[in-house]
Each structure stands twice: as C-alpha cells, then as structure tokens.
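Data block below; observations after.
The values are calculated or read from the model by the stated rules, or taken from the named source; none is laboratory data. Bear in mind the structure is a predicted one, so any value in this text is a computation, not a measurement. Backbone-built Cβ (ideal geometry, glycine too); neighbour counts: all protein chains shown. Heads up: the accessible areas ignore ligands, DNA and RNA and are worked out on the full protein's heavy atoms, side chains in. Shrake-Rupley method; radii C 1.70, N 1.55, O 1.52, S 1.80 Å.
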Amino acid sequence: MISPTDETVIETIRDVGLVRPEQIEAARRRAKDDGIGVLDALIDDGIVSKMEVLKTVAMQLGMDVVVLADVEIAPEIIALVPADIARRYKVMPVVSDENTLKVAMSDPFDIETLDSLRYVLKRNVEGMVAAPDEIAIAIDHYYGREEMTVEDMLSKGEKAESVLTGVEGAEEGEEDAPIIKLVHLIILEAQRSRASDIHLEPMEKRFRIRYRIDGVLHEIENPPKRLQPAVLSRLKLMAGMKISEKRVPQDGRIAVNVGGEDLDLRVSSVPASHGESIVMRLLSKKGLDLGLPKLGFFSDDQATFERLIASPDGILLITGPTGSGKTTTLYAVLNSLNRPDRKIITVEDPVEYQLSGINQVSVRADIGMDFPLVLKAMMRQAPNIIMVGEIRDPETAEIAITAALTGHLVFSTLHTNDAPSAVPRLLDIGVEPFLLASSLRATMAQRLVRVICEKCKAEAMPSDLELRLLGDQADQFKNAKVYAGKGCNACVQTGYKGRKGIFEIFIINDEVKRMIYKRVSADEIMERARAMGMRTLREDGIRKVLAGITTLSEVLSAG
C-alpha cells in the first residue's frame with residue numbers, strides 16, 4: 001500500500017495514537033498467518049482506515065491533504081497535465097503558481113512519481129495526499145472516462161446492425177466483436193458503480209438492464225430489443241450454460257477481470273414470458289471488508305457482540321430477511337476468530353467468498369450432499385467452530401444443537417423478522433425446549449441501511465410523514481440535527497454511498513431459559529426482552545440517524 005516499508009508507517013501511526021501496541025501485535029500474528037502485510041491487516045480489521053493512515057503520514061511529511069470532491073479545479077490547471085500522464089501516474093493537478101504545480105497522489109512516499117512528473121512536465125511538482133478512489137473519480141470527471149460506457153456505445157451507432165456481428169456462438173478470441181464489447185461494458189459499468197447485482201430482464205417491447213447499488217435497483221440505458229438474444233447467449237456461453245436450453249433454469253459462474261479487479265460472477269438464468277431473465281451476482285475476489293467495526297456497530301453493541309462470540313460453546317443465531325447482510329456478518333465473525341490454534345469449518349449454499357485458513361464446504365443437493373449430511377461429516381473433523389449457512393429444517397437444527405452441547409461454538413442464520421422470534425421459530429420446527437434452552441446463547445436481528453454520502457452530506461429536516469410514522473419516538477427529533485445527501489458524482493447522485501447494519505441483540509439469560517421451557521408466545525418473549533433492556537432495530541436505527549450516519553427514511557423502510 002505504502003512504501004518504503006510498513007514498519008515506518010506503523011511506527012508513525014502508533015506514535016500519534018491511531019493504534020495501540022497490542023493491536024499491532026495482533027495484526028502481526030494475523031499478517032503472518034494470512035501472508036499479508038501488517039498494515040493491510042490493521043486496515044482489513046477496521047483498526048484504522050487507509051485514509052487515516054495517509055493523512056497522518058502526510059502531516060508527518062509536511063504535505064497537504066486534499067478532498068478533491070470539495071475542490072473546483074480550473075481548466076487551465078487541468079491543461080498542465082495531459083490525460084495520459086494523469087492516468088499513468090494516477091495523479092490529479094490541483095493548484096499551480098508561477099513556480100510549482102501541486103498534484104494529488106495517494107502515496108505520500110512515492111518520490112519516484114514526483115521525480116518522473118518533474119522530468120515529463122518540465123516544471124517543479126509537489127505532492128498533496130488524496131484518497132485513491134477520489135483521484136480516479138476526479139480523473140474521469142475532468143478528463144473524461146478512458147473507456148466507453150454502455151450509454152456511449154449505444155449512442156454512437158454501434159447499436160446498429162453491425163453489433164449483431166457478435167453472434168451467439170462468438171469465440172473468446174474475437175475481442176473486437178461489438179457484442180463482446182457490449183457485454184464487457186455492462187459488467188464494467190456495474191463494477192464502477194459498486195453494484196452487487198446485474199439484472200437483465202426481457203420485457204415485451206424492451207430489454208431492460210438494472211444494477212443493484214446499495215440494495216436499490218437503478219435502470220441503465222436499455223440496449224435495443226433485437227440485441228437481447230445475442231447478449232443473453234453470450235453471457236450463457238461465458239457462464240458455461242447450455243445456450244440451446246431455454247426451457248429450464250440454469251446456474252453458472254463467470255471469472256472475469258474488469259477495471260483491474262478479479263470478479264467472480266454467480267449467474268442465474270430463469271425462463272420468463274419474453275425471454276430468459278438473467279441475474280449476475282458480483283463477488284470481488286478481493287473479498288469483503290471483514291473487520292467487525294465495519295459492520296456498523298456502535299461501541300456498546302460491538303462490545304456485547306464480541307463478548308458473545310468469545311463464548312467457548314453454544315449457538316449464536318443471526319436473523320433477518322434475504323439481503324439483510326447475515327452472511328457478511330458471519331464472515332466477519334469467522335475472520336475475527338480465525339487463529340492458528342482453532343479449526344473452523346463452514347457449510348454453505350453456496351460458498352460466496354473464500355476465507356484464508358478456514359475449511360469451507362459447499363452444499364451439493366444434486367448429489368445428496370445437503371446440510372445435515374455435511375454437518376454430520378463435519379463433526380468427525382473435530383472443529384472448534386462451526387458455521388452453518390442457514391437452519392432450514394429440524395434435522396439441521398438438531399445436529400447444530402448437538403454440536404453446541406458437545407463443546408462446539410456454532411454460528412448460523414434464521415429467517416425471522418426480529419431477534420426474540422427466533423426462539424418460537426426453532427420450537428415450531430421441532431427443537432425440544434430443554435435442548436434449545438441449554439444451547440442457545442443469543443440471537444441478533446439485523447437490517448442494512450444506506451450510509452449518507454460524506455461528499456454531499458448536508459443538514460435536512462425530517463418530513464411530517466416520517467415524524468408521524470415514528471409515533472412517540474418523534475420527540476427525539478424536536479431539537480436534533482439530521483442529515484441527508486444532496487447527490488453528487490461520488491454517490492451516483494443518490495445521496496448515499498455504502499451500507500451499514502442496524503442491530504437488535506437478544507441475550508438468552510436464565511429468565512429467558514425458563515420462558516423457553518414453558519413455550520411462551522413470541523409476543524411474551526418480545527415483551528420480556530424489551531423489559532430486560534433490549535434495543536430494537538428501529539431504536540438502533542434512530543441512534544444512527546441522530547449520529548448523522550443514515551436517514552430516517554432508510555430506518556423506517558428497514559422495519
């Protein structure tokens with residue numbers, strides 16, 4: 001990330017108090033196990049952010065730090081650095097006087113780049129520090145994008161009959177076939193936009209393409225309807241599907257490099273009324289940001305959660321609907337617990353991200369390798385920690401509980417709307433009360449809310465409707481400041497960038513165990529949980545609105 005050595009930077013951020021010595025030592029151990037740099041381990045675990053490191057080092061070196069989104073750069077400054085030079089060296093000209101040009105760069109130690117720029121530009125050049133993603137956005141904004149977008153391609157005549165030269169059976173070597181370019185651009189634009197999914201949906205009179213960004217679908221320029229068969233066939237070919245089979249659903253995978261990043265695309269094809277609907281899930285091979293602090297916990301909830309996952313045995317359940325971030329939370333937990341002296345095994349359907357040092361098994365229903373079968377086999381592998389992707393049936397629940405009662409720490413997910421409802425749900429599917437009371441340590445419900453974009457964040461007022469929907473909780477907003485994003489290039493004009501969780505943690509204590517024995521209703525358990533001080537999802541969301549992290553509309557729509 002930064003040169004000349006990690007140790008120089010680590011010493012600097014330690015001296016200014018960004019990290020503690022014990023955090024550095026823990027990062028050294030993880031770095032050795034995972035084969036990564038110590039600084040990378042500190043950043044991956046959420047101990048310190050990359051921008052914090054850059055700012056601290058820049059200040060120590062006497063360099064300025066610039067937020068490019070807050071700066072309007074004059075055309076005459078842009079003209080001082082040709083586009084190809086800006087892209088090659090990943091720099092952005094910011095200010096200039098008669099003697100010196102200052103450029104934004106992400107690595108304050110990169111003296112070689114400054115020397116090269118002085119030679120190429122024939123003038124004195126000094127560096128300022130900016131985040132690498134801000135530099136990339138600024139280069140695209142001021143110089144124009146280097147690569148054509150989907151919209152560009154469709155508006156420049158390449159949407160005409162010539163596009164169809166990329167026929168259904170196009171081979172990998174035909175790099176210049178327009179249909180191959182179009183498919184590549186669809187994936188590239190999704191990656192640039194931080195999309196998690198691409199939806200290609202044949203309608204009666206149009207071929208709709210949408211990206212899911214931060215959980216919300218956004219429609220892009222639609223290709224002509226006549227290109228639908230060629231585009232879908234190209235994707236099926238890339239995913240290893242049968243191109244001629246259009247009557248039954250198919251699944252496949254695509255490994256592709258776009259924008260310098262390796263992506264793994266999970267592809268699903270389903271026959272629909274006007275053609276095959278294809279959805280592609282984008283999974284970056286860089287993996288997830290797996291530090292617990294990055295999930296969105298406030299410090300009190302994080303301390304509670306860290307105490308729960310440090311239990312020697314028992315079950316911890318994460319609950320919520322599909323798309324609420326349960327799997328991401330489980331991966332973050334496993335990553336934080338992953339040490340050389342522990343054996344961790346997961347059973348998933350399917351394995352989404354590869355975690356270094358963890359044994360991950362994918363369910364294969366087509367050959368009879370389902371959750372119960374894999375779980376039974378896992379028990380003979382003598383693991384310390386087990387992760388079950390989802391508890392779906394009585395047999396899976398029974399095996400997971402048996403594992404917890406025999407000294408294993410078990411993590412899994414369940415589809416319930418709130419944390420206390422997990423208890424009656426497990427009883428309903430046939431788990432015996434005495435087994436559940438003895439094994440369950442806690443349940444945690446979660447939802448994802450979009451985070452206000454820091455580049456266009458501004459004060460806002462809650463609407464009358466939002467306050468009415470809050471009911472008695474509206475009193476908290478009488479004199480409070482709330483914020484919203486206005487929309488800018490950094491957030492694709494949405495006002496939001498990224499997502500974090502809101503959480504509801506329900507701890508199973510002796511009183512709750514007695515309620516489990518009595519098989520009390522979900523309403524009674526919820527009432528007791530509230531009396532015990534459990535903070536609901538909405539209450540945690542309101543805290544995050546008041547902290548300026550998200551908006552009331554996001555919290556209200558999350559439930």
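Give me the percent of Cα-Cα pairs in the chain that sit more than 39 Å apart, rounded to a whole number.
38 percent
How big is the convex hull of the Cα atoms of region 303-438, per residue, in Å³?
So the per-residue Cα hull volume is 113 Å³.
Using alpha-carbon pairs under 8 Å, 6+ residues apart, how would you state the relative contact order of the chain in percent?
Answer for the chain is 10 percent.
Okay, helix-only estimate at 222 nm for the chain: each DSSP H run of n ≥ 4 adds -39500 (n - 2.57), divide by all residues, round to 500 deg cm²/dmol; what do you get?
It comes out at -10500 deg cm²/dmol, rounded to the nearest 500.
How high is the relative contact order of region 198-292, in percent, counting Cα pairs under 8 Å that sit 6 or more residues apart?
This gives 24 percent for region 198-292.
Could you order the peptides 309-320, 69-80 from most to least packed, using the average number of other C-beta atoms within 10 Å per residue?
Ranked from most to least packed, the peptides come out as 309-320, 69-80.
Compute the Rg to Rh ratio over region 274-353 from the alpha carbon atoms, using the Kirkwood formula for Rh, and round to two decimal places.
1.03
Run the 1.4 Å probe and let me know the accessible area of Tyr143, rounded to the nearest 10 Å².
Spelled out: Tyr143, probe radius 1.4 Å, area about 50 Å².
Report, please, the projected area of region 492-559 averaged over directions, based on the convex hull of its C-alpha atoms, in nm².
5.7 nm²
Of Tyr496, Ile516, Ala474, which is farthest towards the positive pole of region 461-527's charge dipole, taken about the Cα centre with +1 and -1 on the beta-carbons of Lys, Arg and Asp, Glu respectively?
The one lying farthest along the dipole's positive direction is Tyr496.
Mind grabbing the base-10 log of I(q)/I(0) for region 204-293 at q = 0.19, 0.25 Å⁻¹? Debye formula, identical points on the C-alpha positions, no solvent, two decimal places.
Relative scattering, expressed as log10 I(q)/I(0), comes to -1.01, -1.42.
Using a 1.4 Å probe over the heavy atoms of the protein chains, calculate the carbon and sulfur portion of the accessible area of region 1-130 as a whole percent.
Carbon and sulfur atoms account for 49 percent of the accessible area of region 1-130.
Can you compute log10 of I(q)/I(0) for region 401-559 with the Debye formula, treating each Cα as one identical point scatterer, at q = 0.11, 0.12, 0.13, 0.20 Å⁻¹?
The calculated log intensity ratios at q = 0.11, 0.12, 0.13, 0.20 Å⁻¹ are -0.56, -0.63, -0.71, -1.16.
Quick one: compute a quarter of the convex hull surface over the Cα atoms of region 349-428 and quote it in nm².
The number I arrive at for region 349-428 is 6.1 nm².
Considering only the other residues whose Cβ falls under 12 Å of the Cβ of Ala404, what net charge follows from Lys and Arg at +1 and Asp and Glu at -1?
Counting the neighbours of Ala404, the net charge comes to -1.
Where the Cα atoms of region 71-127 are projected onto their three principal axes, how long is each span, largest first, in whole Å?
The principal-axis extents, from largest down, are 26, 20, 19 Å.
Taking each pair of different alpha-carbon atoms in region 359-405 once, compute 1/r for the pair, average those values, and report the inverse of that mean as the Kirkwood hydrodynamic radius in Å to one decimal.
11.0 Å
Rounded to a whole number, what % of the accessible area of region 290-334 do carbon and sulfur atoms account for, probe 1.4 Å?
Accessible surface attributable to carbon and sulfur in region 290-334 totals 56 percent.
Considering only protein heavy atoms and a 1.4 Å probe, what is the carbon-and-sulfur percentage of the accessible area of region 387-479?
Ligands and nucleic acids excluded, carbon and sulfur reach 48 percent.
Under unit Cβ charges (Lys, Arg +1; Asp, Glu -1), what dipole magnitude, rounded to 20 debye, does the chain have relative to its Cα centre?
Magnitude of the dipole: close to 1060 debye.
Per residue, what accessible area does the chain have, given a 1.4 Å probe and all protein chains present, in Å²?
48 Å²
Need one number: convex hull volume per residue for region 1-107, Cα atoms only, in Å³.
Roughly 124 Å³ of hull volume per residue.
In terms of solvent-accessible area of protein heavy atoms at a 1.4 angstrom probe, what is the ranking of Tyr119, Tyr211, highest value first?
Result of the area sort, largest leading: Tyr119, Tyr211.
Taking the highest mean first, how do the peptides 10-17, 321-328 order by number of other beta carbon atoms within 10 angstrom per residue?
Descending mean neighbour count gives 321-328, 10-17.
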